[in-house]
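The values are calculated or read from the model by the stated rules, or taken from the named source; none is laboratory data. Predicted model, so just to flag it, every value in this text is computed and none were measured. Cβ: placed from backbone, ideal geometry, glycine included. Neighbour counts: every protein chain shown. Ligands, DNA and RNA are excluded from the accessible area calculation, which covers all protein heavy atoms including side chains. Shrake-Rupley method; radii C 1.70, N 1.55, O 1.52, S 1.80 Å.
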Amino acid sequence: MKQVKAVLGPEALILSSRSIRNPNQPQQSIFEIVAATDSDPVPEFPKPTTRAPFRNQRGYAEERTAAPPNRIVEKLLASGLSPDWVSPLIQELSTLSEKEKRPGGEKIQEYLVRRLAEGVAVADPQWTGGRVWALVGPTGVGKTTTIAKLAAYFSLKLARKVLLLTIDTYRIGAVDQLATYARILGLPLKVAASPRELKSCLEERGEQDLVLIDTAGRSPNNTGLLDELRDFLTISPIIGSHLVVSATTKEGDLKRIIAGFGRLPLEGYICTKLDETDEYLPLFNQLVPTRRPLTYFTHGQRVPEDLEQVTKARIARLLTNQIHWN
């Protein structure tokens with residue numbers, strides 16, 4: 001902090017820091033510091049960056065880039081965005097020309113939101129057929145209801161052949177709940193109590209366009225049950241697993257859920273209960289760094305109306321509503 005304040009002034013803040021390998025001496029580590037100050041008037045665009053030397057614990061001096069004075073940084077961070085998102089964009093702005101910063105007359109706020117949305121991976125909307133999706137996640141996030149919404153959407157709206165399959169033989173009434181949805185939608189349902197039974201069901205699925213597998217809710221802290229679930233999901237290479245998370249989950253709990261279920265071969269994420277909160281930034285802070293795509297949002301109990309495929313435009317709208325520029 002003394003070195004930062006000596007360069008940027010007493011109002012300087014450290015936005016982020018990380019340890020990286022010294023390219024000149026691989027056996028040593030150096031620290032990259034991103035800092036900013038709010039002492040100057042708000043500029044329309046960031047000024048050129050100030051380069052300043054910082055030293056690691058071994059005294060190795062390394063010249064790092066300090067972020068420009070800019071109140072926009074403060075507003076982005078105050079909104080709840082992770083410094084890991086904000087810092088690279090601010091540095092990027094400082095290297096762009098005036099025309100590049102505002103393509104088509106775009107305001108700097110719009111530019112930043114667009115760039116943030118571009119950093120979110122979303123699933124390819126093109127249907128390829130022959131999919132097998134297993135929905136996994138903690139208890140109470142709405143896995144079974146989401147399966148019903150997906151089944152209704154693909155069978156009723158897209159006229160696809162859908163098979164429902166459950167390996168949740170633990171929860172009382174779990175099979176009956178899915179059987180009710182299957183009966184209403186007129187879809188076949190199979191139950192697999194072991195990985196071998198699951199493999200057999202998949203081999204006998206016939207000409208189904210989509211197989212949706214319901215699983216029992218698991219605690220991210222119970223590695224034994226997660227390993228048991230992994231035995232099911234890795235029994236066949238055609239299974240694609242999607243982690244279902246609730247938008248109402250606290251950021252710390254969400255971080256633990258993603259880390260715990262990271263033991264499984266995940267392909268993407270489905271976010272439920274968007275209608276029950278107006279705080280979405282913790283969700284993006286935790287999901288985006290994994291680089292796995294967001295596939296679907298759910299935002300209500302209606303089947304299948306309250307289901308939507310995630311798009312970058314939708315992400316941009318959510319981010320815009322979360323950042324308070326004034």
Original post:
Where the accessible area of the range 160-236 is counted over protein heavy atoms with a 1.4 Å probe, how much of it, in %, is carbon and sulfur?
Top reply: 47
**OP:** For Ser155, tell me the accessible area in Å² from a 1.4 Å probe, rounded to the nearest 10.
**Re:** 20
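Quick check: with the 1.4 Å probe, what order do His242, His324 take by accessible area, largest first? Kindly include the intermediate steps, with their values, before the conclusion.
Working: His242 15, His324 125 Å².
Listed by decreasing accessible area, they come as His324, His242.
Solvent-accessible area per residue for the range 157-264 at a 1.4 Å probe radius, Å²? Present the calculation step by step, with values, prior to reporting the outcome.
Values: 5300 Å² over 108 residues.
Here the residues of the range 157-264 average 49 Å² of exposed surface.
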Subject >> DSSP-assigned coil residues among trypsin sites (Lys or Arg not before Pro) in the range 241-326, each with at most 15 further Cβ atoms within 10 Å >> reply: Lys250, Arg263, Arg291, Arg302
Original post:
Taking only the alpha-carbon atoms of the range 128-221, what semi-axes of the equivalent ellipsoid follow from 5 times the gyration tensor eigenvalues under a square root, in whole Å, largest first?
Top reply: 20, 15, 12
**OP:** Compute the Rg/Rh shape ratio of the range 179-326: radius of gyration over Kirkwood radius, all on alpha-carbon atoms.
**Re:** 0.99
**OP:** Kindly report, to the nearest 10 Å², the accessible surface of Glu251 as traced by a 1.4 Å probe over protein heavy atoms only.
**Re:** 70
Original post:
Quick one: Cα centre-to-centre distance for the range 205-238 and the range 243-269, in angstrom?
Top reply: 15
Subject >> Over 20 Å between alpha carbons, listed pairs Lys161/Lys190; Lys157/Lys312; Lys149/Lys273; Lys149/Lys255; Lys143/Lys250 >> reply: Lys157/Lys312; Lys149/Lys255
Subject >> List Val132, Val175, ordered by accessible area with a 1.4 Å probe, largest first >> reply: Val175, Val132
